[in-house]
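Asks: Mind looking over this structure? Questions follow.
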Amino acid sequence: MKIFLKLILFCLCFFCSCFCPAQNIDSLWKVYNNRSLADTSRLKAINSISKKYINNNPDTSIIIAEQALELAKQTKQKKYQCNALSTIGASFKNKGNYPKALEYFLNALQQFEELNDKKGIGGCYTNIGNIYHYQANYPKALEYYFKSLKMREETNDKYGIGTCYNNIGNVYWYQSDPKKSLEFYLKGLKIYEEIGDKNGMGASYGNIGGIYQDEFNYSKALEYYLKSLKIRKEVGDKQGIGICYGNMSDLYNKLSNYKEAIQYSNSELEICKEIGDIDGEREAYNNLSVAYSKTGKYKEAYENHIKFKQLTDSIFNSENSRQLGDMKTRFEVEKKENELKIKAEAQQVISAEEKKKQQIIIYAVVGVLLLVVVFSLFLLNRFRITQKQKVIIEKQKEHVDHAYGQLHEKNKEVMDSIHYARRIQNALITSEKYITNQLNRLMKN
């Protein structure tokens with residue numbers, strides 16, 4: 001069962017690993033250093049370089065990814081900023097620095113959300129879920145794995161969906177719920193078979209075999225272990241092959257087939273020494289010790305048990321130190337996440353206030369403009385009315401002036417007639433003074 005634990009951890013690392021194009025590093029550096037090329041080409045090259053070092057040299061990966069991050073900021077290429085942040089987070093995860101890893105993954109998540117990049121968001125959810133899984137915070141791990149699954153389904157990311165199913169299955173297995181675990185492993189296997197992903201299929205076969213072995217269904221376990229081994233050999237996955245050998249050895253010990261158990265243990269030991277898998281060596285020595293003791297070869301059993309114990313002590317001491325460090329950093333992880341959450345919420349409040357202020361300003365400007373338009377329309381209307389009244393008044397004035405002119409002409413004609421009549425009258429009629437004078441003369445006579 002310890003070998004199965006190793007398988008689960010390996011699968012986790014496998015599925016969250018970043019892949020990059022199989023391109024020569026020297027040629028990638030030439031692209032990056034050629035400043036005449038487009039910024040996107042240079043960023044793509046240096047991001048690919050940083051990803052190549054994530055697993056075998058995470059410190060180098062961090063240094064190179066920081067260069068990529070700086071260039072992405074200078075050229076305002078936000079998508080490449082997100083990629084660089086994710087690479088740095090994955091590198092810190094491989095170094096066992098989970099607080100730093102979580103910090104960068106959350107930062108990347110925030111920027112992916114600003115870009116509305118659902119694929120990037122889904123990847124960040126998976127990475128954050130992995131961090132919580134390593135910290136044995138299974139409820140939080142499940143929360144983020146299911147968030148990732150939802151996002152992968154929205155984008156129809158089949159490979160991502162398969163990864164989520166396997167991650168969720170792993171968590172349920174650690175929570176001692178093999179039924180739920182098997183349900184999700186089978187879902188993951190179906191997806192990988194649909195898209196023809198042999199690496200995913202090999203991991204899923206091994207996971208399912210482990211569940212059946214744990215439930216004492218050894219025939220089913222053997223069936224899936226053999227399927228996993230076949231796929232691993234096809235793709236040349238040496239670590240996966242070693243894991244399969246270990247699972248087969250453990251299974252044959254339980255089936256009391258010690259000859260097969262010894263054979264598979266030796267095969268596992270050989271390949272684990274080749275690739276430097278110390279934990280695999282330890283499990284191989286343990287299976288050999290069990291098989292030899294059951295067949296009465298106590299000397300060989302003792303020798304292998306000593307080797308198993310030595311490697312176990314070595315790994316335990318390292319693991320114990322890591323766990324003690326984890327206890328110290330777990331609070332830091334949660335604290336950092338809360339700080340980032342509070343910061344994000346505060347930023348949202350500030351953004352909302354700014355947006356509200358902008359809306360008020362916009363409404364005020366629109367209101368003033370409306371008032372100006374209404375007042376302008378009012379003035380225009382009054383101007384039109386005034387112009388109309390002016391035209392009417394001018395026409396009326398013209399009529400009055402014309403009438404006055406006609407009246408003046410009439411008056412002149414009348415006065416001329418009167419004056420003419422008076423002259424005639426004066427000419428024809430004797431004046432009153434003359435008559436008076438004549439009467440006075442007659443009376444004197």
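Asks: Taking the stated definitions as given, is LYS233 more than 25 Å from LYS198 (Cβ to Cβ), out of contact with any Asp or Glu (no Cβ under 8 Å at 6 or more places or on another chain) and open to solvent by 30 Å² or more (accessible area, probe 1.4 Å)?
Replies: On the way: more than 25 Å from LYS198 (Cβ to Cβ): no; out of contact with any Asp or Glu (no Cβ under 8 Å at 6 or more places or on another chain): yes; open to solvent by 30 Å² or more (accessible area, probe 1.4 Å): yes.
So LYS233 fails the test.
Residue by residue, here is whether (1) at pLDDT below 75; (2) surrounded by fewer than 10 Cβ atoms within 10 Å (Cβ to Cβ); (3) under 30 Å from GLU114 (Cβ atoms) holds:
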{"site": "LYS343", "(1), (2), (3)": "yes, no, yes"}
{"site": "LYS357", "(1), (2), (3)": "yes, no, yes"}
{"site": "VAL365", "(1), (2), (3)": "no, no, yes"}
{"site": "LEU407", "(1), (2), (3)": "yes, no, no"}
{"site": "ARG422", "(1), (2), (3)": "yes, no, no"}
{"site": "ALA427", "(1), (2), (3)": "yes, yes, no"}
{"site": "ILE435", "(1), (2), (3)": "yes, no, no"}
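Asks: Right, next: Within segment 246-265, identify whether any single residue is in contact with a Lys or Arg (Cβ under 6 Å, 6 or more places away or on another chain), of a type outside the set (Ser, Thr, Tyr), assigned to a helix (DSSP H, G or I) and more than 18 Å from LYS294 (Cβ to Cβ), and answer yes or no.
Replies: no
Asks: Now, a different point. Say we look at segment 190-200 and pick out the residues that are under 22 Å from TYR245 (Cβ atoms) and surrounded by fewer than 23 Cβ atoms within 10 Å (Cβ to Cβ); which of these is nearest to the chain's Cα centre (by Cα)?
Replies: Going through the qualifying residues, I end up with ASN199.
Asks: Which condition does PHE184 not pass, out of (1) surrounded by fewer than 22 Cβ atoms within 10 Å (Cβ to Cβ); (2) without any contact (Cβ under 8 Å) to a residue 24 or more places away in the chain; (3) within 27 Å of the chain's Cα centre (by Cα), if it passes all the others?
Replies: (1)
Asks: Going by the structure shown, is GLY122 small (Gly, Ala, Ser) and either within 8 Å of the chain's Cα centre (by Cα) or more than 13 Å from VAL171 (Cα to Cα) (or both)? Can you show your working first?
Replies: Numbers: small (Gly, Ala, Ser): yes; either within 8 Å of the chain's Cα centre (by Cα) or more than 13 Å from VAL171 (Cα to Cα) (or both): yes.
Judged against the criteria, GLY122 is a match.
Asks: Among the residues of segment 201-220, are any within 29 Å of ALA291 (Cα to Cα), of a type in the set (A, V, I, L, M, F, W, C) and exposed (fewer than 15 other Cβ atoms within 10 Å of the Cβ)?
Replies: Checked against the condition, which is being within 29 Å of ALA291 (Cα to Cα), of a type in the set (A, V, I, L, M, F, W, C) and exposed (fewer than 15 other Cβ atoms within 10 Å of the Cβ), segment 201-220 yields at least one hit.
Asks: Scan segment 117-159 residue by residue and report those that are of a type in the set (Lys, Arg), within 22 Å of LEU189 (Cα to Cα) and open to solvent by 40 Å² or more (accessible area, probe 1.4 Å). Break it down into steps so the answer makes sense when it comes.
Replies: First, pick out the residues of segment 117-159 that are of a type in the set (Lys, Arg): 118-119, 140, 147, 150, 152, 158.
Now restrict to residues that are within 22 Å of LEU189 (Cα to Cα): 119, 147, 150, 152, 158.
Residues satisfying the conditions are LYS119, LYS147, LYS150, LYS158.
Asks: Sticking with this one: Pairs only if they're at least six apart or on different chains, beta carbon under 8 angstrom, first in segment 128-156 and free of Cβ contacts under 8 Å to residues at least 12 places away in the same chain, second crowded, with 18+ Cβ neighbours inside 10 Å and of a type in the set (A, V, I, L, M, F, W, C); list them, first residue then second.
Replies: Sorted first by the residue in segment 128-156, then by its partner, the pairs are GLU153/ILE161.
Asks: Next question. Consider segment 29-72. How many of its residues are over 27 Å from the mean Cα position of the chain (by Cα) and either more than 18 Å from ALA90 (Cα to Cα) or open to solvent by less than 10 Å² (accessible area, probe 1.4 Å) (or both)?
Replies: 8
The values are calculated or read from the model by the stated rules, or taken from the named source; none is laboratory data. The structure displayed is predicted, hence computed values, not measured ones. In this analysis, Cβ positions are derived from the backbone assuming ideal geometry, glycine residues included, and neighbour counts consider all displayed protein chains. Accessible surface areas use protein heavy atoms only, side chains included; no ligands, DNA or RNA. Shrake-Rupley method; radii C 1.70, N 1.55, O 1.52, S 1.80 Å.
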